[in-house]
1. So E6 clears everything in (1) free of Cβ contacts under 8 Å to residues at least 40 places away in the same chain; (2) open to solvent by less than 20 Å² (accessible area, probe 1.4 Å) except one condition, right? Which one?
2. Does the stretch 50-69 contain any residue that is open to solvent by 70 Å² or more (accessible area, probe 1.4 Å), modelled with pLDDT of 95 or more, part of a loop (DSSP other than H, G, I, E, B) and among the acidic types (D, E)?
3. Can you name every residue in the stretch 72-88 that is among the aliphatic types (A, V, I, L, M), open to solvent by less than 50 Å² (accessible area, probe 1.4 Å) and either at pLDDT below 95 or within 15 Å of Q118 (Cα to Cα) (or both)?
4. Looking at (1) hydrophobic (A, V, I, L, M, F, W, C); (2) over 14 Å from A98 (Cα atoms); (3) open to solvent by less than 60 Å² (accessible area, probe 1.4 Å), which is the one condition that is false for W36?
5. For the stretch 105-121, indicate whether the set of residues that are hydroxyl-bearing (S, T, Y) and surrounded by fewer than 14 Cβ atoms within 10 Å (Cβ to Cβ) is non-empty.
6. Can you find even one residue in the stretch 89-103 that is open to solvent by 50 Å² or more (accessible area, probe 1.4 Å), outside any strand (DSSP E or B) and either at pLDDT 95 or above or over 21 Å from L4 (Cα atoms) (or both)?
7. Out of (1) on the phi > 0 side of the Ramachandran plot; (2) touching a strand residue (DSSP E or B) at 6+ places or on another chain (Cβ under 9 Å); (3) exposed (fewer than 15 other Cβ atoms within 10 Å of the Cβ), what's the single condition that is false for E43?
8. Which of the residues spanning the stretch 10-41 are at pLDDT below 95, part of a loop (DSSP other than H, G, I, E, B) and either small (G, A, S) or within 17 Å of S84 (Cβ to Cβ) (or both)?
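The values are calculated or read from the model by the stated rules, or taken from the named source; none is laboratory data. All values derive from a computational prediction rather than experimental measurement. Neighbour counts are summed over all protein chains in view; Cβ atoms, including those assigned to glycine, are modelled from backbone coordinates with ideal geometry. Side chains included, ligands, DNA and RNA excluded: accessible areas come from the protein's heavy atoms. Shrake-Rupley method; radii C 1.70, N 1.55, O 1.52, S 1.80 Å.
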Amino acid sequence: QVQLVESGGGLVQAGGSLRLSCAASGSIVSINAMAWYRQAPGEQRELVAAITSSGSTNYADSVEGRFTISRDFAKNTVYLQMDSLEPEDTAVYYCNAAIITTWLFGSRAWNGWGQGTQVTVSS
């Protein structure tokens, strides 16, 4: 069983900063990739940023240069530093992870989501 627990959302004024955290716990063998998605009301869930086990990153065009994704491998935690926030960044932010977990006498792939954390940026 694997769990993803997010924290760090909140209300901030435009131009401000927030830092989101997502910690993975459970029967983890290795983490292949972790990512942040967001979903605004009435919109589809979209990829914000992702980071692989080798440290490669990619970002949505809308956040490039303002957001930074990073990982702490020892803590199985991914962070999203969000700077120069804009009202358009308002959404529920979800953590996603592709993980290899222990299973019976071997292992298996697991992909799952955190519960989401609300980010609201006021103008």
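1. (1)
2. yes
3. If the condition is that a residue be among the aliphatic types (A, V, I, L, M), open to solvent by less than 50 Å² (accessible area, probe 1.4 Å) and either at pLDDT below 95 or within 15 Å of Q118 (Cα to Cα) (or both), then L80, M82, L85 are the ones that fit.
4. Looking at each condition in turn, W36 falls short on (2).
5. Within the stretch 105-121 (the criterion being hydroxyl-bearing (S, T, Y) and surrounded by fewer than 14 Cβ atoms within 10 Å (Cβ to Cβ)), the answer is no, since none of the residues qualifies.
6. No, that holds for no residue.
7. (1)
8. Selection gives S27 alone.
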